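Participant: Below you'll find the structure I mean.
The values are calculated or read from the model by the stated rules, or taken from the named source; none is laboratory data. Owing to the predicted nature of the structure, the values given are computational and were not obtained by experimental measurement. We place every Cβ from the backbone using ideal geometry, glycine too, and count neighbours over all the protein chains shown.
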Amino acid sequence: MKIHPLITDSASLAALIERMTAASFVAVDTEFMRENSYWPELCLIQIATPEEAAAIDPKADGIDLQPLLDLLVDNEEVLKVFHAGGQDLEIVHNLTGKVPHPLFDTQIAAMALGLGEQVGYSNLIESMLGHQLDKGARFTDWSRRPLDKRQIDYAIADVTHLATVFPRMVEKLKRSRRGEWLDEEMERLADPSSFAFEPEDAWKRLKLPSRNPAVLGRLKALAAWRETEARGKNLPRGRIVKDDTLNELASHAPKSQDDLGKVRGLSAGWRNNDIGARLMAAVAAARPLGPDELPDREPRRPGLTKDAALVSDLLKLLLKIRAKEAGVAARLIARSDEIEALAAGVRDGLNILSGWRYDEFGHDALDLVEGRLAFGIENGKLKMTRALKENVDA
């Protein structure tokens, strides 16, 4: 594989991307910093095919990233391969409003190959290639320039190994006939709605202080205000106001801006500064949530009786057994909320009751819940037995 020098100009990048559009897939990775900003700061992009690889400096003066972005989000002929690519996809979405597609995430594929639920990149490479990665540059400040050779070599290695591992994983998936198991997971990862939300929905990501409609109305308004401030100033949300302070303001609304100086987590300057005034405007504009806006008491989770909770525990045990037998990660087969729903009596709309998940787990899970399957102990070992059908006289 040819490794190019760091690309810092538009012509070299355009020529690289033109060649890569003829490949069946590209391996992609990014380096970024986000400790001190709301938006992740893109610092380096690495890309590889089986023939060549390069690191691209997005901070280089005058470089035009458009050919690269077009390849990632508009070219449906080239598969984009990531490992644990959620944050990489978020960065691309921030730049384009789109998500790379079609895509393949090797961390998700590793679940179908029995390599673990959230296998790290280093462990994946060691497992698949027997190669230990140099971890010396993990904590690099990628925003600083110039980058030295060791940093660039470290970054490029991520995609050169990925381009080697990916075809091997595909072959294993073909032999195990599990490739189609991943389609749903990959499409969920590529859903743009995962990376975009309105400030008005920011409150839904917080731990709610109560179910009081007035308190939640203030929390909704304050969370939207904070989101707007954080985006506008490009600062982490917690640098504007921490979650605990936001909940306190929602639960005990300040009557005047002067009261902000008494709130734990806010400085005395909030009594008379502009940001304090905008906070008070958000409080004043808040309205109690209507009945249809109130969150469920336990979102997405059916109420479990004590007996149903025990059934849920048995289902989770069954899942562990079936996942071990199939050699896949349990989370790929079923999520906890679906198991609890099944235990609570839900039958409609559950992924585990259709397709390959039904064959691997759902059929037995349904039998367990409905009394056709039981656990037992024989010679000190756990075993499952099926209930005999009762003879019915004609």
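Participant: What's the total number of residues in the range 279-289 that are surrounded by fewer than 15 Cβ atoms within 10 Å (Cβ to Cβ) and not in a loop (DSSP other than H, G, I, E, B)?
Facilitator: Final tally of qualifying residues: 3.
Participant: List the number of the failed condition for residue 296; all other conditions in (1) of a type outside the set (Phe, Trp, Tyr); (2) farther than 30 Å from residue 372 by Cβ; (3) modelled with pLDDT of 90 or more hold.
Facilitator: It fails just one condition, (3).
Participant: Let me ask another. For the range 238-274, which residues satisfy the criterion of being within 25 Å of residue 212 (Cα to Cα), surrounded by fewer than 19 Cβ atoms within 10 Å (Cβ to Cβ) and under 31 Å from the mean Cα position of the chain (by Cα)?
Facilitator: Correct list: 238, 242, 243, 244, 245, 248, 251, 265.
Participant: If you check residue 309 against the conditions, is it among the hydrophobic types (A, V, I, L, M, F, W, C), more than 26 Å from the chain's Cα centre (by Cα), modelled with pLDDT of 90 or more and surrounded by 12 or more Cβ atoms within 10 Å (Cβ to Cβ)?
Facilitator: Judged against the criteria, residue 309 is not a match.
Participant: Continuing with the same structure: Given (1) under 29 Å from residue 196 (Cβ atoms); (2) in the same structural domain as residue 203 (by TED's automatic domain parsing); (3) among the hydrophobic types (A, V, I, L, M, F, W, C), where does residue 294 come up short, assuming only one miss?
Facilitator: For residue 294, the failing item is (2).
Participant: Which of the numbered conditions does residue 211 fail, given that it passes all the others? Conditions: (1) under 25 Å from the mean Cα position of the chain (by Cα); (2) outside any helix (DSSP H, G or I); (3) among the basic types (Lys, Arg).
Facilitator: (1)
Participant: Of the conditions (1) within 27 Å of residue 238 (Cβ to Cβ); (2) among the acidic types (Asp, Glu); (3) in contact with a Gly (Cβ under 8 Å, 6 or more places away or on another chain), residue 105 satisfies every one except a single condition; which number is it?
Facilitator: Just one mismatch for residue 105, condition (1).
Participant: Could we say that residue 22 is of a type in the set (Gly, Ala, Ser), in a loop (DSSP other than H, G, I, E, B) and at pLDDT 95 or above here?
Facilitator: Yes: the conditions hold for residue 22.
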